[in-house]
Amino acid sequence: MFSQKKPYSAITVDIDRLTSETFQENDLSGLPELVEAINLQDTGPAEAARAIRKKLKYGNLHRQLRALTILDALIQNAGPRFQRSFANEPLLERLRFAATAHLSDPEVKDKCEVLFRSWAANYKNTRGMERVANLSKELPRRLQAVTQETSKVLKATENPFGDDEDEQPPSGPSQPSHSRKASSVSYPTVTGTVLSFSSTKEDKKKKDKKSKKQKPFNLEAEKAQMKTHIAESLIASNNLMNTLKSTNRQNERISQNQTAVQRFETCKQLRRKLHRYIYHVESEEFLGSLLEANDQLTHALLTFEQLDTSIDADSDSDDDLAEQAHLYRSKNINTISFP
């Protein structure tokens, strides 16, 4: 037998059911049964808080909005014991994140803002609700956000002149001097001396390949392909974001979703191509579109990286809960046993 450190009972099952697409966002049917289950167990408030937190963390947009609705309804209807004991730090931190984080959906942010103001007005003098009432004044305390400065994937896609590209950047001071949004990237320059002539076929191929890589950029010749890459980038970033939003992170890690990974790789390749154009193109006619498409790709790639790494960044392990959930379902438990 395993210890009951993280209880899993009908409370968690009910919250999982009540946050499903079967229920409209503000539907409160089923709440009386949930309140009764919570009040019958000593660990009821803590289990409910944890189940709601998991929906806020891993759930899709609908489940997150439903979790907020259920939490507000429980605060209003589950009684003083619930109010005094549900607001643990992990749940409060997840609420702060949902309300302020860049990756949080705007609808979730808006709902958090409304609820935080309501809680501040109604519960500032309620015992046990002081920290909840102060949420509107707080920011996440342990947010481990992936930024453009720390992102590994952005660093890996900022050099458009790798071995797999058609050309190398020009050497010397001939680089464009005008300021750009993406110009903070430091691109390498070609250095060294030209190898002496060799009569071998292998050396000749290398020399021909190098000459090809140093072919000057021709905007007119590449204009059509550049426009195609811009359009592909906008579509690819949108496709990746849609996949990320639809992935149930409670059951599947982002990097284990084959569709998400494929679209992630497509975005990486396109971002390299765009950075090559951004490096060379000076025409305002195309530069704005290039930067906008690059911004969309950057946001999608950062979102993938953040959502995938945030599971490791969370110190709360789901191992015990997963074990209990498996036992609960495998035995088809229909009743709650109380101590």
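General observations
- Matching residues in the range 24-49 - criterion: being among the charged types (D, E, K, R) and surrounded by 21 or more Cβ atoms within 10 Å (Cβ to Cβ): E47
- Summed over the range 116-128, residues that are exposed (fewer than 15 other Cβ atoms within 10 Å of the Cβ) and within 27 Å of the chain's Cα centre (by Cα) total 1.
- Looking only at residues of the range 50-88 that are touching a Leu at 6+ places or on another chain (Cβ under 6 Å) and surrounded by fewer than 19 Cβ atoms within 10 Å (Cβ to Cβ), we find that the one that is farthest from A10 (Cα to Cα) is D72.
- Only residues that are at pLDDT 90 or above and within 28 Å of N242 (Cβ to Cβ) were counted in the range 94-117, giving 15.
- Condition met for A48 (assigned by TED's automatic domain parsing to the domain that holds V132, without any contact (Cβ under 8 Å) to a residue 40 or more places away in the chain, within 30 Å of Q296 (Cβ to Cβ) and part of a helix (DSSP H, G or I)): no
Okay, residues lined up against (1) modelled with pLDDT of 95 or more; (2) touching a helix residue (DSSP H, G or I) at 6+ places or on another chain (Cβ under 6 Å):
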residue: M1; (1), (2): no, no
residue: P7; (1), (2): no, yes
residue: Q24; (1), (2): yes, no
residue: G30; (1), (2): no, yes
residue: Q41; (1), (2): no, no
residue: A48; (1), (2): yes, yes
residue: I52; (1), (2): yes, yes
residue: G59; (1), (2): no, no
residue: R66; (1), (2): yes, no
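- Residue count for the range 89-115 under the criterion of being surrounded by fewer than 18 Cβ atoms within 10 Å (Cβ to Cβ), more than 14 Å from R131 (Cβ to Cβ) and over 16 Å from the mean Cα position of the chain (by Cα): the result is 3.
- Any chance A101 is aliphatic (A, V, I, L, M), under 17 Å from K55 (Cα atoms) and not assigned by TED's automatic domain parsing to the domain that holds T303: yes
- Residue match in the range 227-235 (condition: surrounded by 11 or more Cβ atoms within 10 Å (Cβ to Cβ), of a type in the set (S, T, Y) and at pLDDT below 90): no
- Within the range 230-256, being in contact with a Lys or Arg (Cβ under 8 Å, 6 or more places away or on another chain) and touching a residue at least 60 places away in the same chain (Cβ under 8 Å) holds for S233, A236, L240, R249, Q250.
- Members of the range 115-135 found to be part of a helix (DSSP H, G or I) and touching a residue at least 24 places away in the same chain (Cβ under 8 Å), listed by number: L115, S118, W119, Y123, R131, V132, L135
- Whichever residue in the range 242-272 is at pLDDT 90 or above and hydrophobic (A, V, I, L, M, F, W, C) and, among such residues, is surrounded by the fewest Cβ atoms within 10 Å (Cβ to Cβ): V261
- Top-ranked residue in the range 1-18 [being not in a loop (DSSP other than H, G, I, E, B) and not β-branched (V, I, T); ranked as nearest to P90 (Cα to Cα)]: D16
- Unique match (being within 26 Å of S136 (Cβ to Cβ) and either touching a residue at least 60 places away in the same chain (Cβ under 8 Å) or not in a helix (DSSP H, G or I) (or both)) among E21, E93, E25: E25
- Selection status of E285, surrounded by fewer than 20 Cβ atoms within 10 Å (Cβ to Cβ), in a helix (DSSP H, G or I) and of a type outside the set (A, V, I, L, M, F, W, C): yes
The values are calculated or read from the model by the stated rules, or taken from the named source; none is laboratory data. Not measured: the values here are computed from a predicted model. Here Cβ is always computed from backbone atoms with ideal geometry, including for glycine, and neighbour counts include all displayed protein chains.
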